[in-house]
Amino acid sequence: MKEKKLTILMYIFDIILIITLSLMYYLNKPIQTAKILYIPKGSINQIIAQLERNHYDVNKLDTYFLRLIGSPQNGWINLKTSSNTKADFLYKLTTSKAALQKVTLIPGETTYVFLNELAKKLKLNAVTLQKEYKRQSPYSEGVFVPDTYQLPIGIHEATVIKLLLKLSLRKTKQLSYKIFGTYNEKKWFHYVALASIIQKESANSAEMPIISSVIYNRLKKGMKLQMDGTLNYGKYSHIKVTPKRIREDMSIYNTYKHKGVPKIPVCNVGFDAIKAAIFPAKTDYLYFVKSKLGTHKFACNYSTHLRNIRHATK
């Protein structure tokens, strides 16, 4: 009888040993991930399922370990390294948090300038950032929605672009559905191109529907837009437009040489400019010039416009 009990105890011990060794082996297995991860809000099961969808080597067993360790942090977390043991990975999910950096894209700024500023703030490679934007973005300009974004320090270039495009598209669709009841990308970016000129030319939001009306009125009459703001594209975002520049610039943005609205937006636009592009004021204005106060004087005919110019330069 004693021998039988001893055999049973040894059998149980062997099972416990095997389970213990198996768990130790499992928890010491390496797992490869990005250094910076985004953990959505949700239950442990939902978080593990999300990580699985992102092709990380996790499974149902990890949910039980997490219930013992603690709940994962929500938001961006910094794992410090891309290679961890399974035990370290699960522990870091519950304890790590990434430092965030506020980054603001102002309405009217070009993507080229914004990405260069972003590279400096997040200590990223500016060239790689520009290349990733070209690779991922459906348009070369005007895709980002001006806003203040909280971005994790340590995130790499491809993820930054992916995140900004995702957030911008979400906000774009929200406004489009509010105005049109649907979202048509081609139609929307037609208005973005128009809005980008309005954004560059307007002194404030109140002027935007009036500037918009001038653009529509000139287009109806077959006039060239002849607006300096269209030449503040890309790296020229903050460069003063000179007569020499107007003569020598051969890009699609030179509205002194080409009729119509450039097919590619000049810059990233705020929603006030978008709404002005869709709902212009009803005016007969064809001309405007910046006054000494910084706002614009509008005119329906060229003689009045010339008089406004003289007053602005005195």
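In summary, Gln226 fulfils each of the numbered conditions (1) surrounded by fewer than 15 Cβ atoms within 10 Å (Cβ to Cβ); (2) in a helix (DSSP H, G or I) with the single exception of condition (2). Which members of segment 131-148 meet the condition of being crowded, with 19+ Cβ neighbours inside 10 Å and not hydrophobic (A, V, I, L, M, F, W, C)? The answer is Glu132, Tyr133, Glu141, Gly142, Pro146.
Table: residues versus (1) surrounded by fewer than 18 Cβ atoms within 10 Å (Cβ to Cβ); (2) within 30 Å of Thr172 (Cα to Cα); (3) in contact with a Pro (Cβ under 6 Å, 6 or more places away or on another chain); (4) hydroxyl-bearing (Ser, Thr, Tyr).
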position	(1), (2), (3), (4)
Pro262	no, yes, no, no
Val266	no, yes, no, no
Gly270	no, yes, yes, no
Lys275	no, yes, no, no
Asp284	yes, no, no, no
Cys300	yes, no, no, no
Ser303	yes, no, no, yes
Asn308	no, no, no, no
His311	yes, no, no, no
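Being surrounded by fewer than 20 Cβ atoms within 10 Å (Cβ to Cβ), outside the structural domain of Ser176 (by TED's automatic domain parsing) and under 29 Å from Phe180 (Cβ atoms) is a property that Ala203 has.
Among the residues here, Lys244 qualifies as assigned to a helix (DSSP H, G or I), more than 27 Å from Tyr139 (Cα to Cα) and not assigned by TED's automatic domain parsing to the domain that holds Leu105.
Scanning segment 33-57 for residues that are surrounded by 12 or more Cβ atoms within 10 Å (Cβ to Cβ) and in contact (Cβ under 8 Å) with a residue 24 or more places away in the chain gives Thr33, Ala34, Lys35, Ile36, Leu37, Tyr38, Ile39, Ile44, Ile47, Tyr56, Asp57.
Once segment 245-260 is narrowed to residues that are loosely packed, with under 15 Cβ neighbours inside 10 Å and among the charged types (D, E, K, R), the residue that is nearest to Met223 (Cα to Cα) is Lys259.
When the criteria are applied in full, Asp284 fails the requirement of being touching a residue at least 12 places away in the same chain (Cβ under 8 Å) and closer than 27 Å to Leu105 by Cα. So is Tyr139 assigned to a helix (DSSP H, G or I), assigned by TED's automatic domain parsing to the domain that holds Glu157, touching a residue at least 12 places away in the same chain (Cβ under 8 Å) and within 21 Å of His190 (Cα to Cα) or not? So Tyr139 does not fit the description; no. Take the residues in segment 91-134 that are in a helix (DSSP H, G or I) and of a type in the set (Asp, Glu); name whichever of them is farthest from Ala195 (Cα to Cα). Only one residue tops the list, namely Glu132. Pairs are defined by a Cβ separation below 8 Å, a sequence spacing of at least 6 or placement on different chains, a first member in segment 105-130 that is surrounded by fewer than 21 Cβ atoms within 10 Å (Cβ to Cβ), and a second member that is of a type in the set (Phe, Trp, Tyr); the pairs so defined are Gln130/Tyr112. Ala195 passes every criterion in (1) crowded, with 16+ Cβ neighbours inside 10 Å; (2) assigned to a loop (DSSP other than H, G, I, E, B); (3) assigned by TED's automatic domain parsing to the domain that holds Tyr287; (4) among the aliphatic types (A, V, I, L, M) apart from (2). Applying the set (1) out of contact with any Ser or Thr (no Cβ under 6 Å at 6 or more places or on another chain); (2) under 19 Å from Cys267 (Cα atoms) to Lys120 leaves exactly one unmet item: (2).
In segment 58-82, of all residues being among the aromatic types (Phe, Trp, Tyr) and surrounded by 14 or more Cβ atoms within 10 Å (Cβ to Cβ), the one that is nearest to Lys97 (Cα to Cα) corresponds to Trp76.
Being within 19 Å of Thr33 (Cα to Cα), assigned by TED's automatic domain parsing to the domain that holds Gln32 and under 19 Å from the mean Cα position of the chain (by Cα), is that true of even one residue in segment 65-78? Among the residues of segment 65-78, at least one is within 19 Å of Thr33 (Cα to Cα), assigned by TED's automatic domain parsing to the domain that holds Gln32 and under 19 Å from the mean Cα position of the chain (by Cα), which makes the answer yes.
The values are calculated or read from the model by the stated rules, or taken from the named source; none is laboratory data. The structure presented is a predicted model; accordingly, all values stated were derived computationally and were not measured. No Cβ is skipped: glycine too gets one built from the backbone with ideal geometry, and neighbour counts run over all protein chains shown.
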